[in-house]
1. Exactly one condition in (1) touching an Asp or Glu at 6+ places or on another chain (Cβ under 8 Å); (2) farther than 15 Å from residue 243 by Cα; (3) not hydroxyl-bearing (Ser, Thr, Tyr) is not met by residue 353; state its number.
2. May I ask you to list the residues in segment 389-421 that are among the β-branched types (Val, Ile, Thr) and under 23 Å from residue 170 (Cα atoms)?
3. Please count how many residues of segment 247-266 are crowded, with 20+ Cβ neighbours inside 10 Å and not in a strand (DSSP E or B).
4. Going residue by residue through segment 195-204, is there one that turns out to be touching a Phe, Trp or Tyr at 6+ places or on another chain (Cβ under 9 Å) and either crowded, with 21+ Cβ neighbours inside 10 Å or assigned to a strand (DSSP E or B) (or both)?
5. Taking segment 293-331 only, how many residues are loosely packed, with under 15 Cβ neighbours inside 10 Å, over 21 Å from residue 440 (Cβ atoms) and among the polar types (S, T, N, Q)?
6. Given the condition more than 24 Å from residue 107 (Cα to Cα), crowded, with 18+ Cβ neighbours inside 10 Å and among the aliphatic types (A, V, I, L, M), answer yes or no: does some residue in segment 160-182 qualify?
7. Consider residue 207 against the criteria (1) part of a helix (DSSP H, G or I); (2) more than 24 Å from residue 309 (Cβ to Cβ); (3) modelled with pLDDT of 85 or more; (4) not aliphatic (A, V, I, L, M): it satisfies all of them except one. Which criterion is unmet?
8. Of 339, 447, 433, 362, which residue is buried (at least 24 other Cβ atoms within 10 Å of the Cβ), in contact (Cβ under 8 Å) with a residue 60 or more places away in the chain, among the hydrophobic types (A, V, I, L, M, F, W, C) and under 21 Å from residue 266 (Cβ atoms)?
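The values are calculated or read from the model by the stated rules, or taken from the named source; none is laboratory data. Since we're looking at a predicted model, the values are computed, not measured. Glycine gets a Cβ as well: all are built from the backbone with ideal geometry, and neighbour counts include every protein chain shown.
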Amino acid sequence: MGNHLWNGRLISEPASKYGIDASIGMPVLRSASALWGIDPVTPVPGYMLCLLQCAFTLRSSMLRPRQVDFNIELSTNYGAPIILDAFPTEAFNIAPYPVTLTAAPDGTLAVVSNAKPSGNAIIHYGVVHPIIRFYGIQESRACWRFEAHPKAALEGSRKMFAMLAVPDAARNSGLEVTFDLKVYAHSSRKRTTLSIPPADEEMRHVHLSLDHLLDPRMKPEANPESQPMTHIAADEIMLERARAICEVRVMGASPQDAVTGTGFLLSPHLLLTCWHLFAGEALDNAPAALQKKAQDALFTFGYTQVVKGVQYRASSVAYCSPELDAILVRLVDRRDHPLQMWGFLPIERDLPLTHQTELVILQHPFGQPLQRSSGFFMRRSTVPNRILYSSPTGAGSSGSPVVNRASWKVAALHCGENRDENLREGILLSAILDDLQKTAPVVYQELAG
């Protein structure tokens with residue numbers, strides 16, 4: 001196959017004696033940081049910028065191609081990538097000189113107009129061919145359409161670029177790309193449509209790794225085996241439980257420095273999350289400062305896709321334990337979206353923990369829409385009341401419920417990564433409830449009731 005993703009003969013349907021020899025080049029994916037020499041701020045939060053280069057070739061034939069459609073479709077395990085810009089995108093006159101592009105940090109591509117372009121983000125394209133149209137900006141599928149021109153035959157090679165925004169969470173699983181090539185030609189006064197043979201269907205698909213786009217100094221926060229995380233859409237009971245889970249956003253020195261995590265309701269108004277999300281300088285000795293931080297935080301429920309969710313604020317801290325890394329906050333209700341609509345998670349206090357116990361984490365990693373991952377109980381931690389498990393997580397997963405897959409009841413509070421053990425760590429809910437009963441019996445009765 002060489003440098004070709006597919007190389008063969010385009011055929012018509014129904015089959016005829018005519019065909020066109022063609023090939024699709026192996027796509028190339030480049031990181032935006034390699035273009036600029038720095039890691040740019042992407043125009044889409046939670047996404048990284050990549051440049052995708054595609055190519056195809058048509059070889060001479062008895063047929064006269066009048067139009068060529070080159071189609072791509074993009075996907076990941078963590079949501080659809082977005083095509084921010086592409087080149088070429090519109091009709092051009094024949095250019096007898098090579099074209100040079102620049103790639104901007106906002107995800108756009110542009111032709112360099114001066115002889116000495118500045119910056120490192122330079123892409124040498126070559127000679128532009130005429131009458132090109134592009135369809136697919138702000139989508140995950142696209143089409144470059146090449147139309148015949150008296151001065152430029154459609155035979156030969158074509159090169160195309162697309163600037164993509166790819167979900168950050170896909171960096172461990174990669175990008176899936178599906179290609180299609182269709183040629184509309186004239187033969188014996190008949191119009192013929194030619195495409196890749198059905199027998200070569202699998203050759204149109206390619207998996208592109210994103211590993212080479214990462215800074216080698218950075219490693220996944222808590223996913224050493226690159227296990228997949230999946231968005232929640234599995235079954236009714238999981239979706240019902242997921243309603244009680246929210247993204248937690250605690251303001252730092254400024255709104256742009258917010259710390260993100262996950263939390264979940266244990267009653268219609270009491271939400272449990274990790275104490276360390278709110279921890280600042282000596283907050284454990286300054287209850288008033290802790291109350292202020294909690295009241296400035298935002299709690300977003302129903303955040304299952306981008307630009308969706310209902311936000312609430314907290315009125316007070318009902319309980320906290322730095323030792324158990326747990327904090328209960330009381331949320332302020334809303335008339336238009338009563339807290340009761342989200343439900344709350346049931347607790348499993350005496351879960352029998354064995355290597356067969358599957359534990360699911362419902363979480364907002366990297367501040368992204370609600371996702372799930374699963375793994376198994378591995379062993380108890382050397383720290384009392386803590387357990388270790390293999391379920392993958394990410395930055396922003398602290399405060400997530402650790403749910404028993406068999407009962408869909410919460411057994412522990414996820415608090416982060418145990419780097420010595422290379423496993424995830426959570427605090428048993430039974431330990432938090434025992435401490436709550438001793439230190440805040442009124443709040444405990446509210447949960448027990």
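1. (1)
2. Correct list: 393, 402.
3. Residues that pass the stated criteria total 1.
4. No, segment 195-204 has no match at all.
5. 1
6. The answer is yes, given that some residue of segment 160-182 is more than 24 Å from residue 107 (Cα to Cα), crowded, with 18+ Cβ neighbours inside 10 Å and among the aliphatic types (A, V, I, L, M).
7. Of (1) part of a helix (DSSP H, G or I); (2) more than 24 Å from residue 309 (Cβ to Cβ); (3) modelled with pLDDT of 85 or more; (4) not aliphatic (A, V, I, L, M), only one is false for residue 207: (1).
8. Just one listed residue meets the conditions, 362.
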